[in-house]
Amino acid sequence: MTEVEERTPLEAAQKAREIWLNAKKQSDLDEVERLYRWALSSKKNIETDGNDGSERPKKKAKQGHCGLDRSDYINASEKFALLLCQSGRCKKAKKGLASIGFTCRLAKRVLDYPDESKESDDSSPNADHKQQKAPPCTIVDNFLSQAELERLQSVFESTTANYWTSHDYAVEPPSPYFSYVLSLEQIETNGFGFIGELIQKVLHCPQLAEKFPKLPNTRYVEMWAHNRPHASGHQLHFDSDDEGRGGVRNPIISTILYIADGDDNIAGGPSMVTNQKLSDEKLATKGWMSSPKPYRLVAFDGRYLHGVVPGKGTREGRRVTLMFAFWDDIKIRRGLGPGSARPFPKNVLPPWASQLAKPIETGKTENQYDNCKTAEPIKLDRVYETLEGKAWNKQEMPAYDEVFQGF
């Protein structure tokens, strides 16, 4: 009996995901594929959830769940489909995705995203050369100084850093969302050291001022961060006050800072912004992606659907990011423990807040934007496709769980 045969199907699927999140070479991904194939290979029926006919049917059952319960089978099938799509095999994922209820998926060019350094403005295989509307996002390279990057790394880079441990942060399963809010009045009155200076630097960045004319209306800034393995993404979503509870309200803009140094091949998949708003009645037709890059800032109109594509292949390290959302108004929510829009600590500071509030003594006098330059995003002429790989042209909006995102 082989090692994989000694596992239960669930153990094989769990081991596959563990290896994937820590993969360092192609042979690791080959083992992930082998484990998923084995876990999904037996011939049994999934028990479907019954309903009284008043609800839309659950995702379809499939022959071959080999002892996995329905939710575990679907989870393993989705992960296996992502692995296929990321390696140029979207067509081979079609049958499995259809069998568990998906009607469309993110486009091949999203899931099997191109190398940004090899992209040109018209390199999309289905590029529309007509004059296109300006994207709702902008990319500013060389935004962070070396000293600023090093301070952010000291707070966020290590998975055992105080910021993560004090909030019980986890990726799989994900910990609840938590964020902190600073008012510009607080920053202008008390300074808040490094983090206050960084917020002001973003707020007054010339490239952002030109792109987002409503940015001067900012009165509050919300801050949160993530530290994820290369293969982990973030589902498409709208940034909203208190995660949309009580009605969706979007920030003026949201921004992303990538916290890594070295060459451009750092961990994590690209950030993606689409042209889809919450009020839209059909899926996004255009998208723009930005690969993680040292010192880079990405900013986008807070009304638009966006997410993080899971990293493909293998990369050393983790995808570490700091986000700011700039609001004209947001309710600061006091409470015990981590939560949405908590007031930024003052008086007695936890170690992570103390590190962020401590000023950076650089002794430099040059213009802080001298090295900044605007970069072009990876353009997507389609965001969604049918399972067959054709453009999604249907007018109706599919149910959220019928759209395969891969994450």
The residue that is nearest to PRO345 (Cα to Cα), considering only those in the range 187-207 that are among the β-branched types (Val, Ile, Thr) and in contact (Cβ under 8 Å) with a residue 40 or more places away in the chain, is ILE195
Checked the range 129-163 for anything outside any loop (DSSP other than H, G, I, E, B), open to solvent by 10 Å² or more (accessible area, probe 1.4 Å) and either under 13 Å from TRP352 (Cβ atoms) or of a type in the set (A, V, I, L, M) (or both); matches are ALA147, ARG151, GLN153, SER154, ASN162
Within the range 237-266, residues at pLDDT 95 or above and aliphatic (A, V, I, L, M) come out as ILE252, ILE253, ILE256, LEU257, ILE259
Subset of the range 203-221, residues among the basic types (Lys, Arg) and touching a Leu at 6+ places or on another chain (Cβ under 9 Å), comes to ARG219
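State yes or no: is ILE266 in contact with an Asp or Glu (Cβ under 7 Å, 6 or more places away or on another chain) and either under 23 Å from GLY339 (Cα atoms) or of a type outside the set (Ser, Thr, Tyr) (or both)? If you could, list the steps in order and put the result at the bottom.
On the way: in contact with an Asp or Glu (Cβ under 7 Å, 6 or more places away or on another chain): no; either under 23 Å from GLY339 (Cα atoms) or of a type outside the set (Ser, Thr, Tyr) (or both): yes.
For ILE266, the condition - in contact with an Asp or Glu (Cβ under 7 Å, 6 or more places away or on another chain) and either under 23 Å from GLY339 (Cα atoms) or of a type outside the set (Ser, Thr, Tyr) (or both) - is not met.
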Taking the range 267-288 and the residues there that are within 27 Å of ASN217 (Cα to Cα) and among the aliphatic types (A, V, I, L, M), the one that is modelled with the lowest pLDDT would be LEU278
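Please report, ordered by residue number, the helices (runs of 4 or more DSSP H) entirely within the range 58-126 with at least 3 residues that are modelled with pLDDT of 95 or more, touching a strand residue (DSSP E or B) at 6+ places or on another chain (Cβ under 9 Å) and open to solvent by less than 30 Å² (accessible area, probe 1.4 Å).
Values: elements: 70-86, 90-99, 108-111.
In the range 58-126, the matching helices (runs of 4 or more DSSP H) lie at 70-86, 90-99.
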Considering residues that are over 30 Å from TYR369 (Cβ atoms) and either among the acidic types (Asp, Glu) or free of Cβ contacts under 8 Å to residues at least 12 places away in the same chain (or both), the number found within the range 128-174 is 10
The residue that is modelled with the highest pLDDT, considering only those in the range 149-183 that are in contact with a Ser or Thr (Cβ under 9 Å, 6 or more places away or on another chain) and charged (D, E, K, R), is ASP168
- Query: Condition test on PHE407, is it crowded, with 20+ Cβ neighbours inside 10 Å and either of a type outside the set (Gly, Ala, Ser) or in contact with a Lys or Arg (Cβ under 7 Å, 6 or more places away or on another chain) (or both)?
  - Reply: no
Listed by range, strands (runs of 3 or more DSSP E) wholly within the range 316-393 having at least 2 residues that are surrounded by fewer than 16 Cβ atoms within 10 Å (Cβ to Cβ) are 373-375
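Give the number of residues within the range 255-275 that are over 18 Å from GLN86 (Cα atoms) and touching a residue at least 40 places away in the same chain (Cβ under 8 Å). Don't jump to the end; show me each part of the working.
Here is the first cut: in the range 255-275, the ones over 18 Å from GLN86 (Cα atoms) are 255-264, 273-275.
From what's left, touching a residue at least 40 places away in the same chain (Cβ under 8 Å): 255-261, 264, 273-275.
Going through the range 255-275 one residue at a time, the tally reaches 11.
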Matching residues in the range 168-186 (assigned to a helix (DSSP H, G or I) and closer than 19 Å to PRO350 by Cβ) number 1
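Restricting the range 154-204 to residues that are of a type in the set (Phe, Trp, Tyr) and in contact with a Gly (Cβ under 9 Å, 6 or more places away or on another chain), which is nearest to ILE360 (Cα to Cα)? Spell out the reasoning first.
First pass over the range 154-204, keeping only residues of a type in the set (Phe, Trp, Tyr): 156, 163-164, 169, 177-178, 180, 192, 194.
Filter once more, keeping what is in contact with a Gly (Cβ under 9 Å, 6 or more places away or on another chain): 177-178.
On the way: TYR177: 29, PHE178: 26 Å.
Ranking the candidates gives PHE178 first.
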Over the range 239-294, the set of residues part of a loop (DSSP other than H, G, I, E, B) and in contact with a Cys (Cβ under 9 Å, 6 or more places away or on another chain) is LEU283
Restricting attention to the range 300-315, the residues that are crowded, with 24+ Cβ neighbours inside 10 Å and more than 14 Å from the chain's Cα centre (by Cα) number exactly 0
- Message: Tell me whether the range 154-167 contains one or more residues that are in contact with a strand residue (DSSP E or B) (Cβ under 6 Å, 6 or more places away or on another chain) and small (Gly, Ala, Ser).
- Response: no
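So if I check each of LYS331, LYS358, which one is in contact (Cβ under 8 Å) with a residue 24 or more places away in the chain and under 19 Å from GLY196 (Cβ atoms)? It would help to see each step written out before you state the result.
Values: LYS331 fails: under 19 Å from GLY196 (Cβ atoms).
Within the list LYS331, LYS358, the selection yields LYS358.
The values are calculated or read from the model by the stated rules, or taken from the named source; none is laboratory data. Just so it is clear, the structure is predicted and the values come from calculations on it, not from any experiment. With ideal geometry, Cβ positions are generated from the backbone for all residues, glycine too; neighbour counts draw on all protein chains shown. Each accessible area value is taken on the protein alone, full model and side chains, heavy atoms only, with ligands, DNA and RNA left out. Shrake-Rupley method; radii C 1.70, N 1.55, O 1.52, S 1.80 Å.
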